[in-house]
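A short write-up of the structure that comes next.
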Amino acid sequence: MYSEGSSLKSWNFLVNQESMNVWAEILDDPNPIHLDINSARLLGLGEGTINQGPANIAYIMNMIEKNFPGSQIIKMNNKMTSAILEGDQVTVSGQIIKIQEKDNKSIISCSINLKTDENKVAVISEVDVLVL
Amino acid sequence: MILQNKDKKTWKELQLNPKGLTNDTFSDLQFPGGTFFIDKSTNFLINKSTGVLVNERDLNKFINAHPIFLFTSTLRGSGASIQDIFDLLDYDVNNGPMLGQCNMSFDSPIRIGQKYKIDGKIISLNEKDSKKLGKIKILDFILSLFDESQSQIASVNYVWILPVKDF
């Protein structure tokens, strides 16, 4: 059913300010770059508020769940390479790198990227997923 | 000079006067520690705000929380808020701190309706020159989630990039 080298189903999301407001509250994060466009602009980060890092990681987790329903992430290394701005349409895509079988379970290692619609890579992830 | 353990001040002690502390002061500094309860309404908000449509009527069917709760629970339950961390480092949040890396490991799923204990420490605070951002500080710290039987459920290593105007 799963095979090494195969592509994963991609996952999309339109980043919006309402979601960033929710995340600022959930994290109790005072960083103004998530809430105030002028703050992001003054710091040279772009022409929009900056999406919270954990939200970007959550998109990747959602893509994992879509591809491996009911699975469990056991390891996830994320490198943030670029900012995601309010209004960006993001796409999570990736492929299966390795599959290890053990005790009727599979540990599937994936290489995953989160990109904007301008093909800018914002997060690079290596994920190990336990599939029963 | 790195202080000996017996001379190391605690988070709470350092918090009383965080001005002028050297970067070495923060190496191996334990977070105050605390607890975090995983509630279903926040789980619903996390799913909704990241594009997962969940019918509110189905909320009670969920057993496992969204795995990004590792992020929210450790940062909300470490005994120090994000602002507290910046205050301790005497760092101005208006400089635009960013998440650089985040490495997570899960021994078990995070469950809704459970209270977890959070412990961790700062590994290091270092300074460097970045081509892109100019002078930055790099904060490396680890926080772990434990259940009521003290078993580790998950752990996360954060690397935050802190742009600074002057050292």
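The values are calculated or read from the model by the stated rules, or taken from the named source; none is laboratory data. All of these numbers come straight from a predicted model, not from anything done at the bench. Glycine also receives a Cβ, built like all others from the backbone with ideal geometry; neighbour counts cover every protein chain displayed. The protein model used for the area step is the full one, side chains on, heavy atoms only, and it has no ligands, DNA or RNA in it. Shrake-Rupley method; radii C 1.70, N 1.55, O 1.52, S 1.80 Å.
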### Query
Within the range A:66-82, can you find the residues that are under 17 Å from A:Gln95 (Cβ atoms), more than 7 Å from every other protein chain (Cβ to nearest Cβ) and open to solvent by 30 Å² or more (accessible area, probe 1.4 Å)?
A:Lys66
### Task
Return yes when B:Thr50 is without any contact (Cβ under 8 Å) to a residue 40 or more places away in the chain and within 12 Å of another protein chain (Cβ to nearest Cβ) and no when it is not.
yes
### Task
Looking for whichever is charged (D, E, K, R) and at pLDDT below 95 here; the options are A:Lys115, A:Lys75, A:Lys102, A:Lys79. Which one fits?
A:Lys102
### Query
Applying the selection to the range A:83-104, what residues are part of a loop (DSSP other than H, G, I, E, B) and either under 17 Å from A:Glu65 (Cα atoms) or open to solvent by 70 Å² or more (accessible area, probe 1.4 Å) (or both)?
A:Glu86, A:Asp103, A:Asn104
### Task
Any residue in the range A:105-132 that's free of Cβ contacts under 8 Å to residues at least 24 places away in the same chain and in a loop (DSSP other than H, G, I, E, B): show its pairings with residues that are open to solvent by less than 10 Å² (accessible area, probe 1.4 Å) and basic (Lys, Arg) at Cβ separation under 6 Å, as long as the two are six or more apart or on different chains.
none
### Those residues of the range B:11-51 which are open to solvent by 50 Å² or more (accessible area, probe 1.4 Å), modelled with pLDDT under 95, polar (S, T, N, Q) and under 19 Å from the mean Cα position of the chain (by Cα), in sequence order
B:Gln15
### Summary
The condition from (1) more than 9 Å from chain B (Cβ to nearest Cβ); (2) under 20 Å from the mean Cα position of the chain (by Cα) that A:Asp103 misses is numbered (2)
### Residue in the range A:42-55 that is farthest from the other protein chains (Cβ to nearest Cβ), counting only those that are closer than 15 Å to A:Glu18 by Cα and in contact with a Leu (Cβ under 8 Å, 6 or more places away or on another chain)
A:Gly48
### Task
Residue by residue through the range A:1-46, note down the ones that are of a type in the set (D, E, K, R) and either in contact with a strand residue (DSSP E or B) (Cβ under 7 Å, 6 or more places away or on another chain) or under 20 Å from B:Tyr91 (Cβ atoms) (or both).
A:Glu4, A:Asp28, A:Asp29, A:Asp36
### Query
Could you count how many residues in the range A:1-60 are in a helix (DSSP H, G or I) and among the small types (Gly, Ala, Ser)?
7
